[in-house]
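Enquirer: Dumping the structure here so I can ask a few things about it.
The values are calculated or read from the model by the stated rules, or taken from the named source; none is laboratory data. These figures come from a predicted structure and were not determined experimentally. All Cβ positions, even for glycine, are placed from backbone atoms using ideal geometry, and neighbour counts span all protein chains on display. These accessible areas exclude ligands, DNA and RNA; they are computed on the full protein's heavy atoms, side chains included. Shrake-Rupley method; radii C 1.70, N 1.55, O 1.52, S 1.80 Å.
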Amino acid sequence: MSPPPVIAIDGPAASGKGTLARRLAAVYGFAHLDTGALYRAVGLLVLRAGGDPGDSGHALAAARALAPDHPVLADPALRGEDVAHAASQVAALNAVREALLDFQRSFAAHPPGGRGAVLDGRDIGTVVCPTAGAKLFVTAGVEVRADRRVKELRAAGLDAIVATVLEDMKARDERDSRRAVAPLRPAVDAFVLDTSALDADQAFATALVFIRSKIGPA
Ligand code: CDP
């Protein structure tokens, strides 16, 4: 039996990859894994334990404690920018990435529902699922992304100052792109989708044309 199809979606913060991943998963009837939530969960567990997200001992203990049914994965605090910052610190640690690899690969190989999987993150097409049937790299200008993130945070009832979010996003882009292990970059066979001038519907329509050409119709 051939393995279930996988759609890999990578890109920087607030590029629109999460929304796209959820919509593609819904039309194809595939299971969706937001891998950023795993790194955020590790960051949040470390912060709550009073640890240092840059310390590999603290971060690795948290990564090992993370099971698919861990309640932290549904915690609204995951969405905060402080947690995003901690996430990008733990994500630069090789041991943490290794510890989360099995979780992600087993989701892709045995997706809930069994029909297929959509994973979104930073290194899905390059490291986690290099043989994915379709790979998208979703991006947008940093100012556009910062504006989107501010709107998301405010809609979730969280405080957000545009200048601060923009600075944090630039710092996180830099850390995610420059780290030695699994840096943020498009896979050679990824379709690069710049959503700077596209709304969610337009981004989805463009992505769908590409995905259909790779794995067939939904
Ligand atoms: O939602 P947003 O794009 O801001 O971030 P996220 O996707 O929730 O990811 C939070 C952080 O986790 C990122 O800044 C990365 O440092 C890290 N991450 C990663 O290294 N690899 C992944 N596959 C997913 C997230």
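Enquirer: 7 Å from Cα along Cα→Cβ at both Asp55 and Glu152: what's the point-to-point distance in nm?
Expert: Roughly 3.0 nm, to one decimal.
Enquirer: Continuing with the same structure: How many angstrom lie between the Cα centre of region 1-56 and the Cα centre of region 71-102?
Expert: Measuring centre to centre over Cα atoms gives 10 Å.
Enquirer: Suppose all protein chains stay in the model; what accessible area per residue would a 1.4 Å probe give for region 6-213, in Å²?
Expert: 45
Enquirer: Right, here's the next one. Using 7 Å Cα-to-Cβ label points, what is the Ala67/Asp194 separation (nm, one decimal)?
Expert: 4.6
Enquirer: Below 8 Å, C-alpha to C-alpha, sequence gap of six or more: please give me the relative contact order for the chain in percent.
Expert: In percent, rounded to a whole number, it is 33.
Enquirer: For Ala134, enumerate residues with amide H under 5 Å from its amide H, sequence gap 5+ or separate chain, H modeled in the peptide plane.
Expert: Those lying under 5 Å, H to H, from Ala134 are Val6, Ala8.
Enquirer: Something else: Give the peptides 71-80, 26-35 in descending order of average Cβ contacts within 10 Å, highest first.
Expert: Order by mean packing, descending: 26-35, 71-80.
Enquirer: Return P(r) of region 1-145 (all Cα-Cα pairs; 5 Å bins starting at 0; whole %; ordered from short to long distances).
Expert: 2, 11, 19, 22, 21, 15, 8, 2, 0, 0
Enquirer: Which order do the peptides 137-147, 170-180 take when ranked by the mean count of other beta-carbon atoms within 10 Å per residue, highest first?
Expert: Ranked by mean Cβ neighbours within 10 Å, highest first: 137-147, 170-180.
Enquirer: Now a separate question. Probe radius 1.4 Å, ligands and nucleic acids ignored: give me the carbon and sulfur share of the accessible area of the chain as a rounded percent.
Expert: 56
Enquirer: Modelled label-to-label distance, Thr164 and Met1, 7 Å Cα→beta-carbon offset: nm?
Expert: A separation of 5.0 nm, rounded to one decimal place.
Enquirer: How much length is gained if the chain between Asp82 and Ala26 is pulled fully straight, taking 0.36 nm per residue apart and subtracting their Cα-Cα distance, in nm to one decimal?
Expert: 17.2 nm
Enquirer: Run the numbers for Phe210 and Glu98: contour at 0.36 nm per residue of separation, minus the present Cα-Cα distance, in nm.
Expert: Going from the current span to full extension adds 37.3 nm.
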